[in-house]
Amino acid sequence: MSTTPTSNFIRTIIDADLASGKHSIIVTRFPPEPNGYLHVGHAKSICLNFGLAEDYRGKCNLRFDDTNPEKESNEYAQSIQDDVRWLGFQWDGEVRWASDYFEQLYGFAVELIEKGLAYVEDLSAEEMREYRGTLTQPGKNSPYRDRSVAENLDLFARMRAGEFADGARVLRAKIDMASPNINLRDPAIYRIRRAHHIRTGDAWCIYPMYDYTHCISDALEGITHSICTLEFEDHRPLYDWVLDNITIACHPRQYEFSRLELHYTITSKRKLLQLVNEQKVSGWDDPRMPTIQGMRRRGYTAAGLREFARRIGVSRSENSVDMAIMEGAIREDLEARAPRVMAVINPLKVTLTNFEGATSREADFHPNHPEFGKRIVPISASLYIEADDFAEAPPPGWKRLTLGGEVRLRHSYVMRCDEVIKDSSGNVIELLCSIDHATLGKNPEGRKVKGVIHYLSCEHAIPAEIRLYDRLFTVAEPDADREIDFCNYLNPESLKVVQGWVEASVKDAAPETHYQFERLGYFCTDRRDHQPVSRPVFNRTVTLKDSWTKEQS
(Lines give C-alpha, C1' and ligand atoms only; values in the text may rest on other atoms or scores of the structure.)
Protein backbone atom coordinates (compact mmCIF):
# COMPACT_ATOMS: atom_id res chain seq x y z
CA MET A 1 0.00 0.00 0.00
CA SER A 2 1.11 3.53 -0.73
CA THR A 3 2.21 5.80 2.09
CA THR A 4 2.58 8.85 -0.13
CA PRO A 5 0.04 11.59 0.75
CA THR A 6 -2.36 12.40 -2.05
CA SER A 7 -2.32 16.04 -3.08
CA ASN A 8 -5.55 17.99 -2.56
CA PHE A 9 -6.75 21.58 -2.34
CA ILE A 10 -6.31 21.71 1.45
CA ARG A 11 -2.68 20.65 1.19
CA THR A 12 -2.17 23.31 -1.48
CA ILE A 13 -3.54 25.94 0.93
CA ILE A 14 -1.34 24.70 3.77
CA ASP A 15 1.74 24.65 1.54
CA ALA A 16 1.08 28.27 0.56
CA ASP A 17 0.45 29.34 4.18
CA LEU A 18 3.71 27.78 5.36
CA ALA A 19 5.70 29.15 2.40
CA SER A 20 4.39 32.68 2.94
CA GLY A 21 5.11 32.61 6.66
CA LYS A 22 1.43 33.05 7.53
CA HIS A 23 1.83 30.02 9.79
CA SER A 24 4.99 28.40 11.11
CA ILE A 25 3.12 25.31 12.30
CA ILE A 26 -0.32 23.97 11.47
CA VAL A 27 -2.87 23.10 14.14
CA THR A 28 -6.00 21.14 13.18
CA ARG A 29 -8.75 19.62 15.29
CA PHE A 30 -11.29 16.80 15.22
CA PRO A 31 -14.43 18.09 17.01
CA PRO A 32 -17.13 15.39 17.30
CA GLU A 33 -20.24 15.67 19.43
CA PRO A 34 -20.33 12.76 21.93
CA ASN A 35 -23.89 11.81 20.97
CA GLY A 36 -23.27 8.57 19.08
CA TYR A 37 -20.68 6.23 17.67
CA LEU A 38 -18.40 7.42 14.89
CA HIS A 39 -18.95 6.10 11.36
CA VAL A 40 -16.93 5.76 8.18
CA GLY A 41 -17.45 9.44 7.30
CA HIS A 42 -15.84 10.40 10.60
CA ALA A 43 -12.99 8.01 9.82
CA LYS A 44 -12.29 10.04 6.67
CA SER A 45 -12.27 13.26 8.73
CA ILE A 46 -10.02 11.71 11.39
CA CYS A 47 -7.54 10.58 8.74
CA LEU A 48 -7.62 14.04 7.16
CA ASN A 49 -7.19 16.18 10.27
CA PHE A 50 -4.76 13.95 12.14
CA GLY A 51 -2.99 12.97 8.91
CA LEU A 52 -2.33 16.60 7.98
CA ALA A 53 -0.92 17.33 11.42
CA GLU A 54 1.26 14.22 11.19
CA ASP A 55 2.55 14.94 7.68
CA TYR A 56 3.31 18.60 8.37
CA ARG A 57 4.68 17.92 11.88
CA GLY A 58 1.95 20.02 13.40
CA LYS A 59 -0.67 19.32 16.05
CA CYS A 60 -4.22 18.00 16.04
CA ASN A 61 -6.60 18.46 18.97
CA LEU A 62 -9.42 16.14 19.93
CA ARG A 63 -12.23 18.37 21.16
CA PHE A 64 -15.70 17.24 22.15
CA ASP A 65 -18.52 19.58 21.20
CA ASP A 66 -20.49 18.91 24.38
CA THR A 67 -23.08 21.70 24.11
CA ASN A 68 -26.17 19.48 23.76
CA PRO A 69 -26.27 17.66 27.12
CA GLU A 70 -29.50 15.73 26.61
CA LYS A 71 -28.00 13.54 23.87
CA GLU A 72 -24.42 13.16 25.11
CA SER A 73 -22.80 10.49 27.25
CA ASN A 74 -19.42 9.38 28.55
CA GLU A 75 -19.94 6.07 26.74
CA TYR A 76 -19.88 7.88 23.40
CA ALA A 77 -16.94 10.06 24.43
CA GLN A 78 -14.88 7.03 25.42
CA SER A 79 -15.74 5.15 22.23
CA ILE A 80 -14.60 8.12 20.14
CA GLN A 81 -11.24 8.23 21.91
CA ASP A 82 -10.86 4.48 21.38
CA ASP A 83 -11.67 4.87 17.67
CA VAL A 84 -9.10 7.61 17.13
CA ARG A 85 -6.39 5.58 18.85
CA TRP A 86 -7.34 2.40 17.00
CA LEU A 87 -7.04 4.20 13.67
CA GLY A 88 -3.45 4.94 14.65
CA PHE A 89 -3.58 8.59 15.74
CA GLN A 90 -2.92 10.50 18.95
CA TRP A 91 -4.22 13.97 19.73
CA ASP A 92 -2.04 16.75 21.08
CA GLY A 93 -2.10 17.08 24.86
CA GLU A 94 -5.23 16.35 26.85
CA VAL A 95 -8.69 15.82 25.39
CA ARG A 96 -10.39 19.17 25.06
CA TRP A 97 -14.06 19.93 25.60
CA ALA A 98 -16.23 22.87 24.55
CA SER A 99 -17.38 22.89 28.18
CA ASP A 100 -13.81 23.86 29.14
CA TYR A 101 -14.66 27.24 27.63
CA PHE A 102 -18.18 27.77 28.97
CA GLU A 103 -17.15 30.71 31.17
CA GLN A 104 -15.20 32.36 28.34
CA LEU A 105 -18.05 31.76 25.90
CA TYR A 106 -20.41 33.45 28.31
CA GLY A 107 -18.00 36.38 28.62
CA PHE A 108 -17.80 36.83 24.85
CA ALA A 109 -21.61 36.81 24.67
CA VAL A 110 -21.66 39.62 27.25
CA GLU A 111 -19.16 41.49 25.09
CA LEU A 112 -21.46 41.16 22.04
CA ILE A 113 -24.36 42.51 24.11
CA GLU A 114 -22.27 45.44 25.30
CA LYS A 115 -21.39 46.24 21.68
CA GLY A 116 -25.07 46.19 20.74
CA LEU A 117 -24.52 43.03 18.68
CA ALA A 118 -26.67 40.59 20.67
CA TYR A 119 -30.07 40.75 22.32
CA VAL A 120 -32.40 38.63 24.41
CA GLU A 121 -35.37 37.34 22.43
CA ASP A 122 -38.83 36.67 23.90
CA LEU A 123 -40.48 35.29 20.78
CA SER A 124 -41.40 31.62 20.85
CA ALA A 125 -39.58 29.19 18.57
CA GLU A 126 -42.59 29.12 16.25
CA GLU A 127 -42.76 32.92 16.12
CA MET A 128 -39.03 33.12 15.42
CA ARG A 129 -39.52 30.81 12.44
CA GLU A 130 -42.28 33.06 11.13
CA TYR A 131 -40.12 36.16 11.50
CA ARG A 132 -37.14 34.45 9.89
CA GLY A 133 -38.50 34.58 6.33
CA THR A 134 -37.75 32.09 3.56
CA LEU A 135 -35.07 31.43 0.99
CA THR A 136 -36.79 33.91 -1.33
CA GLN A 137 -38.24 36.36 1.19
CA PRO A 138 -36.28 38.37 3.80
CA GLY A 139 -37.04 38.05 7.47
CA LYS A 140 -38.34 40.86 9.66
CA ASN A 141 -36.93 42.31 12.83
CA SER A 142 -38.08 41.00 16.17
CA PRO A 143 -40.00 43.50 18.34
CA TYR A 144 -37.34 42.80 21.01
CA ARG A 145 -34.37 43.51 18.73
CA ASP A 146 -33.89 47.09 19.95
CA ARG A 147 -33.80 46.39 23.66
CA SER A 148 -31.21 48.50 25.46
CA VAL A 149 -27.80 47.10 26.29
CA ALA A 150 -28.61 47.39 30.01
CA GLU A 151 -31.85 45.42 29.64
CA ASN A 152 -30.17 42.72 27.58
CA LEU A 153 -27.33 42.38 30.10
CA ASP A 154 -29.83 42.07 32.92
CA LEU A 155 -31.97 39.49 31.10
CA PHE A 156 -28.97 37.42 30.02
CA ALA A 157 -27.63 37.34 33.58
CA ARG A 158 -31.07 36.23 34.79
CA MET A 159 -31.15 33.54 32.08
CA ARG A 160 -27.93 32.18 33.52
CA ALA A 161 -29.28 32.42 37.06
CA GLY A 162 -32.21 30.20 36.11
CA GLU A 163 -35.04 32.70 36.50
CA PHE A 164 -36.78 31.72 33.25
CA ALA A 165 -38.30 28.50 32.00
CA ASP A 166 -36.67 26.36 29.33
CA GLY A 167 -37.31 27.88 25.92
CA ALA A 168 -38.74 31.09 27.34
CA ARG A 169 -35.91 33.21 26.00
CA VAL A 170 -32.82 32.91 23.81
CA LEU A 171 -29.86 35.16 23.15
CA ARG A 172 -29.56 36.12 19.47
CA ALA A 173 -26.75 37.71 17.51
CA LYS A 174 -27.85 40.98 15.89
CA ILE A 175 -26.70 40.71 12.28
CA ASP A 176 -29.13 41.16 9.35
CA MET A 177 -32.68 39.81 9.07
CA ALA A 178 -32.66 40.59 5.34
CA SER A 179 -29.48 38.67 4.58
CA PRO A 180 -29.75 36.21 1.67
CA ASN A 181 -27.86 33.78 3.93
CA ILE A 182 -30.46 32.59 6.44
CA ASN A 183 -27.69 31.67 8.90
CA LEU A 184 -27.05 35.41 9.36
CA ARG A 185 -30.65 36.31 10.19
CA ASP A 186 -30.02 36.96 13.87
CA PRO A 187 -29.13 33.37 14.79
CA ALA A 188 -29.65 32.12 18.34
CA ILE A 189 -26.36 31.77 20.21
CA TYR A 190 -27.64 30.73 23.67
CA ARG A 191 -30.73 28.84 24.80
CA ILE A 192 -32.15 27.89 28.20
CA ARG A 193 -31.91 24.13 28.75
CA ARG A 194 -32.12 22.48 32.15
CA ALA A 195 -30.28 19.24 31.46
CA HIS A 196 -27.61 17.43 33.42
CA HIS A 197 -24.27 17.80 31.67
CA ILE A 198 -21.78 14.92 31.58
CA ARG A 199 -18.97 17.21 32.79
CA THR A 200 -20.45 20.34 34.38
CA GLY A 201 -23.41 18.64 36.02
CA ASP A 202 -26.10 21.20 36.87
CA ALA A 203 -23.80 24.21 37.02
CA TRP A 204 -25.33 25.70 33.87
CA CYS A 205 -28.91 26.02 32.68
CA ILE A 206 -27.99 27.92 29.51
CA TYR A 207 -25.91 26.38 26.75
CA PRO A 208 -24.22 27.98 23.74
CA MET A 209 -25.19 26.95 20.20
CA TYR A 210 -22.79 25.04 17.97
CA ASP A 211 -22.09 27.80 15.43
CA TYR A 212 -21.20 30.21 18.19
CA THR A 213 -19.18 27.74 20.24
CA HIS A 214 -17.20 26.13 17.47
CA CYS A 215 -15.44 29.16 16.05
CA ILE A 216 -14.51 30.53 19.48
CA SER A 217 -13.19 27.13 20.60
CA ASP A 218 -11.06 27.01 17.44
CA ALA A 219 -9.69 30.47 18.17
CA LEU A 220 -8.94 29.74 21.82
CA GLU A 221 -6.98 26.65 20.77
CA GLY A 222 -5.03 28.46 18.05
CA ILE A 223 -6.39 26.30 15.24
CA THR A 224 -4.90 27.35 11.92
CA HIS A 225 -7.07 25.34 9.52
CA SER A 226 -10.61 24.53 10.64
CA ILE A 227 -11.67 21.77 8.26
CA CYS A 228 -15.30 20.66 8.00
CA THR A 229 -17.74 19.24 5.48
CA LEU A 230 -19.53 21.21 2.78
CA GLU A 231 -22.85 21.54 4.61
CA PHE A 232 -21.09 24.11 6.82
CA GLU A 233 -20.06 26.31 3.90
CA ASP A 234 -23.08 28.59 4.40
CA HIS A 235 -22.18 28.82 8.09
CA ARG A 236 -18.70 30.19 7.39
CA PRO A 237 -19.88 33.87 7.27
CA LEU A 238 -21.30 33.41 10.78
CA TYR A 239 -18.04 31.75 11.91
CA ASP A 240 -16.15 34.83 10.69
CA TRP A 241 -18.71 37.33 12.01
CA VAL A 242 -18.43 36.03 15.57
CA LEU A 243 -14.64 36.12 15.57
CA ASP A 244 -14.57 39.55 13.91
CA ASN A 245 -16.75 41.03 16.65
CA ILE A 246 -15.17 39.73 19.84
CA THR A 247 -11.81 40.54 21.41
CA ILE A 248 -9.73 37.50 20.57
CA ALA A 249 -6.22 37.28 19.12
CA CYS A 250 -6.59 34.30 16.79
CA HIS A 251 -8.90 34.10 13.78
CA PRO A 252 -8.80 30.60 12.23
CA ARG A 253 -10.03 30.02 8.68
CA GLN A 254 -12.65 27.46 7.83
CA TYR A 255 -12.27 25.19 4.80
CA GLU A 256 -14.92 22.78 3.57
CA PHE A 257 -14.62 19.45 1.76
CA SER A 258 -17.27 17.06 0.47
CA ARG A 259 -18.62 14.52 2.90
CA LEU A 260 -18.34 10.81 2.16
CA GLU A 261 -21.37 9.09 0.65
CA LEU A 262 -20.62 5.37 0.65
CA HIS A 263 -22.76 3.06 -1.47
CA TYR A 264 -24.82 0.30 0.14
CA THR A 265 -24.81 1.99 3.52
CA ILE A 266 -26.01 5.10 5.35
CA THR A 267 -24.13 7.60 7.50
CA SER A 268 -26.99 9.53 9.09
CA LYS A 269 -26.62 9.29 12.88
CA ARG A 270 -30.40 9.48 13.22
CA LYS A 271 -30.95 6.57 10.84
CA LEU A 272 -28.16 4.52 12.35
CA LEU A 273 -29.77 5.05 15.76
CA GLN A 274 -33.08 3.92 14.25
CA LEU A 275 -31.48 0.67 13.09
CA VAL A 276 -30.18 0.09 16.61
CA ASN A 277 -33.41 1.04 18.41
CA GLU A 278 -35.59 -1.03 16.08
CA GLN A 279 -33.17 -3.95 16.47
CA LYS A 280 -32.57 -4.22 12.75
CA VAL A 281 -28.95 -4.76 13.85
CA SER A 282 -27.51 -6.10 17.09
CA GLY A 283 -26.06 -2.75 18.21
CA TRP A 284 -23.75 0.10 17.27
CA ASP A 285 -20.91 -2.38 16.82
CA ASP A 286 -22.85 -4.82 14.64
CA PRO A 287 -20.32 -5.81 11.94
CA ARG A 288 -22.76 -4.72 9.22
CA MET A 289 -22.86 -1.17 10.57
CA PRO A 290 -20.66 1.55 9.00
CA THR A 291 -19.53 2.61 12.47
CA ILE A 292 -15.83 2.39 13.22
CA GLN A 293 -16.69 -0.01 16.05
CA GLY A 294 -18.72 -2.16 13.67
CA MET A 295 -16.07 -2.18 10.95
CA ARG A 296 -13.40 -3.05 13.50
CA ARG A 297 -15.49 -5.93 14.83
CA ARG A 298 -16.08 -7.22 11.32
CA GLY A 299 -12.33 -7.39 10.84
CA TYR A 300 -11.57 -4.24 8.88
CA THR A 301 -8.07 -3.04 9.72
CA ALA A 302 -7.00 0.43 10.73
CA ALA A 303 -4.36 0.41 7.99
CA GLY A 304 -6.97 -0.61 5.44
CA LEU A 305 -9.30 2.21 6.45
CA ARG A 306 -6.47 4.74 6.32
CA GLU A 307 -5.61 3.51 2.83
CA PHE A 308 -9.28 3.80 1.83
CA ALA A 309 -9.28 7.42 3.00
CA ARG A 310 -6.13 8.07 0.97
CA ARG A 311 -7.61 6.50 -2.17
CA ILE A 312 -10.89 8.43 -2.16
CA GLY A 313 -9.06 11.69 -1.60
CA VAL A 314 -10.33 15.10 -0.49
CA SER A 315 -12.19 17.49 -2.77
CA ARG A 316 -15.13 19.85 -2.89
CA SER A 317 -16.97 17.82 -5.52
CA GLU A 318 -19.46 15.05 -4.77
CA ASN A 319 -17.74 12.14 -3.00
CA SER A 320 -20.00 9.18 -3.80
CA VAL A 321 -17.88 6.08 -3.38
CA ASP A 322 -18.57 2.47 -4.26
CA MET A 323 -18.22 -0.02 -1.43
CA ALA A 324 -15.84 -2.02 -3.63
CA ILE A 325 -13.15 0.65 -3.14
CA MET A 326 -13.21 0.21 0.63
CA GLU A 327 -13.39 -3.56 0.38
CA GLY A 328 -10.45 -3.49 -2.03
CA ALA A 329 -8.31 -1.50 0.41
CA ILE A 330 -9.19 -3.89 3.26
CA ARG A 331 -8.59 -6.94 1.09
CA GLU A 332 -5.19 -5.66 -0.02
CA ASP A 333 -4.08 -5.00 3.55
CA LEU A 334 -5.26 -8.40 4.79
CA GLU A 335 -3.61 -10.22 1.90
CA ALA A 336 -0.25 -9.18 3.30
CA ARG A 337 -0.95 -9.52 7.03
CA ALA A 338 -3.37 -12.44 7.49
CA PRO A 339 -2.06 -15.98 8.03
CA ARG A 340 -3.66 -18.57 5.76
CA VAL A 341 -5.44 -21.60 7.16
CA MET A 342 -8.14 -23.99 6.01
CA ALA A 343 -11.76 -23.98 7.11
CA VAL A 344 -14.94 -25.63 5.86
CA ILE A 345 -18.17 -23.66 5.96
CA ASN A 346 -20.57 -26.05 4.21
CA PRO A 347 -19.18 -29.48 5.10
CA LEU A 348 -19.54 -32.65 3.08
CA LYS A 349 -18.07 -35.78 4.64
CA VAL A 350 -15.45 -37.78 2.74
CA THR A 351 -14.32 -41.27 3.77
CA LEU A 352 -10.94 -42.40 2.44
CA THR A 353 -11.38 -46.11 1.86
CA ASN A 354 -7.67 -46.84 1.44
CA PHE A 355 -6.25 -44.59 4.12
CA GLU A 356 -3.38 -46.18 6.07
CA GLY A 357 -2.42 -44.73 9.45
CA ALA A 358 -2.10 -41.14 10.59
CA THR A 359 -0.09 -38.68 8.52
CA SER A 360 0.47 -34.95 8.34
CA ARG A 361 2.47 -32.31 6.54
CA GLU A 362 3.97 -29.01 7.56
CA ALA A 363 2.66 -25.95 5.75
CA ASP A 364 3.48 -22.24 5.78
CA PHE A 365 1.02 -19.80 7.29
CA HIS A 366 1.74 -17.47 4.37
CA PRO A 367 3.60 -18.25 1.12
CA ASN A 368 5.25 -14.81 1.00
CA HIS A 369 5.96 -14.37 4.71
CA PRO A 370 8.10 -17.17 6.14
CA GLU A 371 8.34 -15.16 9.36
CA PHE A 372 4.69 -16.08 10.03
CA GLY A 373 5.90 -19.62 10.73
CA LYS A 374 4.43 -23.02 9.93
CA ARG A 375 1.69 -25.29 11.21
CA ILE A 376 0.89 -28.99 11.01
CA VAL A 377 -1.84 -30.00 8.53
CA PRO A 378 -3.08 -33.50 9.45
CA ILE A 379 -5.08 -35.94 7.33
CA SER A 380 -7.13 -38.92 8.50
CA ALA A 381 -9.61 -41.47 7.14
CA SER A 382 -12.52 -39.07 7.53
CA LEU A 383 -12.45 -35.58 6.02
CA TYR A 384 -14.64 -32.55 5.56
CA ILE A 385 -14.62 -30.78 2.21
CA GLU A 386 -16.79 -27.92 0.96
CA ALA A 387 -20.03 -29.27 -0.49
CA ASP A 388 -19.60 -26.74 -3.29
CA ASP A 389 -16.40 -28.51 -4.34
CA PHE A 390 -18.33 -31.58 -5.52
CA ALA A 391 -20.73 -31.82 -8.48
CA GLU A 392 -22.47 -34.89 -9.83
CA ALA A 393 -23.12 -33.11 -13.12
CA PRO A 394 -20.25 -30.64 -13.38
CA PRO A 395 -20.54 -27.58 -15.63
CA PRO A 396 -18.04 -27.00 -18.46
CA GLY A 397 -14.56 -26.15 -17.20
CA TRP A 398 -15.15 -27.75 -13.80
CA LYS A 399 -11.83 -28.31 -11.97
CA ARG A 400 -13.07 -29.66 -8.69
CA LEU A 401 -14.35 -33.06 -7.60
CA THR A 402 -16.84 -35.24 -9.45
CA LEU A 403 -17.64 -38.95 -9.50
CA GLY A 404 -14.65 -40.72 -11.05
CA GLY A 405 -12.60 -37.52 -11.07
CA GLU A 406 -9.45 -36.52 -9.22
CA VAL A 407 -8.35 -33.44 -7.29
CA ARG A 408 -5.35 -32.52 -5.23
CA LEU A 409 -6.03 -32.09 -1.52
CA ARG A 410 -4.28 -28.90 -0.43
CA HIS A 411 -0.83 -29.74 1.05
CA SER A 412 -1.62 -33.47 0.66
CA TYR A 413 -2.50 -36.34 -1.68
CA VAL A 414 -4.32 -36.64 -4.97
CA MET A 415 -7.80 -38.02 -4.25
CA ARG A 416 -10.34 -39.75 -6.52
CA CYS A 417 -14.08 -39.96 -5.89
CA ASP A 418 -15.22 -43.57 -6.26
CA GLU A 419 -18.77 -43.57 -4.88
CA VAL A 420 -21.53 -41.16 -3.87
CA ILE A 421 -23.81 -41.91 -0.91
CA LYS A 422 -27.22 -40.24 -0.75
CA ASP A 423 -30.03 -40.05 1.78
CA SER A 424 -33.62 -41.10 1.15
CA SER A 425 -34.36 -37.72 -0.44
CA GLY A 426 -31.53 -38.00 -2.92
CA ASN A 427 -29.21 -35.55 -1.21
CA VAL A 428 -25.49 -36.28 -1.28
CA ILE A 429 -24.38 -36.94 2.30
CA GLU A 430 -21.02 -38.67 1.88
CA LEU A 431 -18.33 -39.44 -0.68
CA LEU A 432 -16.24 -42.57 -0.70
CA CYS A 433 -12.83 -41.71 -2.09
CA SER A 434 -9.35 -43.11 -2.41
CA ILE A 435 -5.96 -41.43 -2.32
CA ASP A 436 -2.90 -42.06 -4.46
CA HIS A 437 -0.25 -42.78 -1.84
CA ALA A 438 2.53 -41.92 -4.29
CA THR A 439 1.39 -38.29 -4.63
CA LEU A 440 2.19 -36.83 -1.22
CA GLY A 441 4.18 -33.77 -2.25
CA LYS A 442 4.53 -35.14 -5.80
CA ASN A 443 2.63 -34.98 -9.07
CA PRO A 444 0.98 -38.22 -10.22
CA GLU A 445 2.70 -40.10 -12.99
CA GLY A 446 1.10 -40.29 -16.43
CA ARG A 447 -1.80 -37.89 -15.74
CA LYS A 448 -2.43 -34.25 -14.89
CA VAL A 449 -4.64 -33.16 -12.00
CA LYS A 450 -5.87 -29.59 -12.46
CA GLY A 451 -8.00 -28.94 -9.39
CA VAL A 452 -6.92 -28.25 -5.80
CA ILE A 453 -9.45 -28.18 -2.96
CA HIS A 454 -9.10 -27.60 0.76
CA TYR A 455 -10.18 -30.01 3.45
CA LEU A 456 -10.07 -30.72 7.17
CA SER A 457 -9.43 -33.92 9.06
CA CYS A 458 -12.63 -34.71 10.99
CA GLU A 459 -10.54 -36.07 13.83
CA HIS A 460 -8.59 -32.84 14.24
CA ALA A 461 -10.97 -30.08 13.10
CA ILE A 462 -12.47 -27.66 15.61
CA PRO A 463 -16.16 -26.68 15.43
CA ALA A 464 -16.70 -22.93 15.06
CA GLU A 465 -19.55 -20.48 14.61
CA ILE A 466 -18.96 -18.68 11.34
CA ARG A 467 -20.85 -15.48 10.59
CA LEU A 468 -21.09 -14.66 6.92
CA TYR A 469 -21.60 -10.90 6.64
CA ASP A 470 -22.64 -9.12 3.47
CA ARG A 471 -23.72 -5.59 2.59
CA LEU A 472 -26.46 -4.19 4.79
CA PHE A 473 -28.59 -2.86 1.92
CA THR A 474 -29.55 -4.21 -1.48
CA VAL A 475 -29.32 -0.87 -3.32
CA ALA A 476 -26.46 1.59 -3.62
CA GLU A 477 -28.36 4.58 -2.17
CA PRO A 478 -30.93 3.27 0.31
CA ASP A 479 -31.97 6.72 1.58
CA ALA A 480 -32.02 8.54 -1.77
CA ASP A 481 -35.84 8.57 -2.02
CA ARG A 482 -37.42 10.38 0.91
CA GLU A 483 -40.80 8.88 0.07
CA ILE A 484 -39.55 5.34 0.70
CA ASP A 485 -38.44 4.03 4.09
CA PHE A 486 -34.76 3.13 3.77
CA CYS A 487 -35.41 0.01 5.89
CA ASN A 488 -37.29 -1.44 2.91
CA TYR A 489 -33.90 -1.97 1.30
CA LEU A 490 -32.34 -3.93 4.15
CA ASN A 491 -30.57 -6.98 2.77
CA PRO A 492 -32.15 -10.15 4.24
CA GLU A 493 -28.95 -12.01 3.30
CA SER A 494 -26.65 -9.58 5.14
CA LEU A 495 -25.95 -12.17 7.84
CA LYS A 496 -25.90 -15.96 7.71
CA VAL A 497 -24.70 -17.89 10.74
CA VAL A 498 -23.38 -21.38 10.02
CA GLN A 499 -21.71 -24.15 12.00
CA GLY A 500 -18.37 -24.75 10.33
CA TRP A 501 -15.00 -26.28 11.05
CA VAL A 502 -11.53 -24.77 11.30
CA GLU A 503 -7.96 -25.96 11.59
CA ALA A 504 -6.70 -26.85 15.06
CA SER A 505 -3.88 -24.32 14.57
CA VAL A 506 -6.33 -21.46 15.30
CA LYS A 507 -7.71 -22.87 18.57
CA ASP A 508 -5.81 -20.39 20.76
CA ALA A 509 -6.48 -17.33 18.60
CA ALA A 510 -7.28 -14.21 20.61
CA PRO A 511 -10.22 -11.94 19.72
CA GLU A 512 -9.54 -9.72 16.67
CA THR A 513 -7.14 -12.19 15.06
CA HIS A 514 -7.24 -12.14 11.27
CA TYR A 515 -7.01 -15.12 8.94
CA GLN A 516 -7.46 -15.91 5.32
CA PHE A 517 -9.59 -19.04 5.07
CA GLU A 518 -8.13 -20.42 1.88
CA ARG A 519 -10.47 -20.12 -1.12
CA LEU A 520 -13.23 -18.68 1.12
CA GLY A 521 -12.28 -15.17 2.21
CA TYR A 522 -10.82 -13.14 5.04
CA PHE A 523 -12.14 -13.76 8.54
CA CYS A 524 -11.60 -12.34 12.01
CA THR A 525 -12.26 -13.76 15.45
CA ASP A 526 -15.13 -11.77 16.96
CA ARG A 527 -13.91 -9.24 19.50
CA ARG A 528 -16.94 -9.70 21.75
CA ASP A 529 -18.22 -13.28 21.46
CA HIS A 530 -15.12 -15.28 20.51
CA GLN A 531 -13.72 -17.52 23.22
CA PRO A 532 -10.55 -19.40 22.32
CA VAL A 533 -10.97 -23.19 22.41
CA SER A 534 -14.43 -23.22 24.04
CA ARG A 535 -16.42 -21.11 21.55
CA PRO A 536 -14.59 -19.92 18.45
CA VAL A 537 -16.53 -17.28 16.52
CA PHE A 538 -15.32 -16.01 13.15
CA ASN A 539 -16.71 -13.05 11.22
CA ARG A 540 -16.30 -12.87 7.47
CA THR A 541 -14.56 -9.58 6.83
CA VAL A 542 -14.52 -9.62 3.05
CA THR A 543 -14.53 -12.21 0.27
CA LEU A 544 -11.36 -13.00 -1.65
CA LYS A 545 -12.72 -11.28 -4.75
CA ASP A 546 -15.35 -8.65 -5.42
CA SER A 547 -18.25 -10.87 -6.47
CA TRP A 548 -21.01 -8.43 -5.45
CA THR A 549 -20.95 -6.26 -8.58
CA LYS A 550 -21.05 -9.31 -10.82
CA GLU A 551 -23.97 -10.82 -8.87
CA GLN A 552 -25.98 -7.59 -9.06
CA SER A 553 -25.43 -6.99 -12.79
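The values are calculated or read from the model by the stated rules, or taken from the named source; none is laboratory data. All of these numbers come straight from a predicted model, not from anything done at the bench. Every residue, glycine as well, gets a Cβ built from its backbone with ideal geometry; the counts of neighbours run over all protein chains shown.
Just a few scattered comments:
- Flag if Asp470 is under 25 Å from Glu261 (Cβ atoms), touching a strand residue (DSSP E or B) at 6+ places or on another chain (Cβ under 9 Å), charged (D, E, K, R) and not assigned by TED's automatic domain parsing to the domain that holds Gln293: yes
- On inspection, Asp364 fails the criterion of being of a type in the set (Asp, Glu) and closer than 28 Å to Asp418 by Cα.
- Looking at the stretch 402-452, the strands (runs of 3 or more DSSP E) lying wholly inside it that each contain 1 or more residues that are in contact with a helix residue (DSSP H, G or I) (Cβ under 6 Å, 6 or more places away or on another chain) and modelled with pLDDT of 95 or more sit at 414-422.
- Whichever residue in the stretch 423-467 is of a type in the set (Lys, Arg) and touching a residue at least 12 places away in the same chain (Cβ under 8 Å) and, among such residues, is farthest from Ile379 (Cα to Cα): Arg467
- Tyr207 being aromatic (Phe, Trp, Tyr), surrounded by 14 or more Cβ atoms within 10 Å (Cβ to Cβ) and in contact with a Lys or Arg (Cβ under 6 Å, 6 or more places away or on another chain): yes
- Every residue from the stretch 129-176 that is of a type in the set (S, T, N, Q) and either part of a helix (DSSP H, G or I) or touching a strand residue (DSSP E or B) at 6+ places or on another chain (Cβ under 9 Å) (or both): Ser142, Asn152
- Filter result for the condition that a residue is touching a strand residue (DSSP E or B) at 6+ places or on another chain (Cβ under 9 Å) and either buried (at least 18 other Cβ atoms within 10 Å of the Cβ) or over 22 Å from Gln499 (Cα atoms) (or both), over Glu327, Glu332: Glu327
- Given (1) of a type outside the set (D, E, K, R); (2) in contact (Cβ under 8 Å) with a residue 24 or more places away in the chain; (3) over 26 Å from Ala302 (Cα atoms); (4) surrounded by fewer than 18 Cβ atoms within 10 Å (Cβ to Cβ), number of the condition Ala480 does not satisfy: (2)
- Residues in the stretch 13-66 that are among the β-branched types (Val, Ile, Thr) and surrounded by fewer than 18 Cβ atoms within 10 Å (Cβ to Cβ): 2 in all.
- Inclusion of Ala150 among residues that are surrounded by 20 or more Cβ atoms within 10 Å (Cβ to Cβ) and either of a type outside the set (Phe, Trp, Tyr) or not assigned by TED's automatic domain parsing to the domain that holds Ala309 (or both) is not warranted.
- Subset of the stretch 160-176 (residues that are under 17 Å from Tyr239 (Cα atoms) and either touching a Leu at 6+ places or on another chain (Cβ under 9 Å) or among the aliphatic types (A, V, I, L, M) (or both)): Leu171, Ala173, Lys174, Ile175, Asp176
- Here Asn49 passes the criteria (1) under 18 Å from Gln254 (Cβ atoms); (2) in a loop (DSSP other than H, G, I, E, B) except the one numbered (2).
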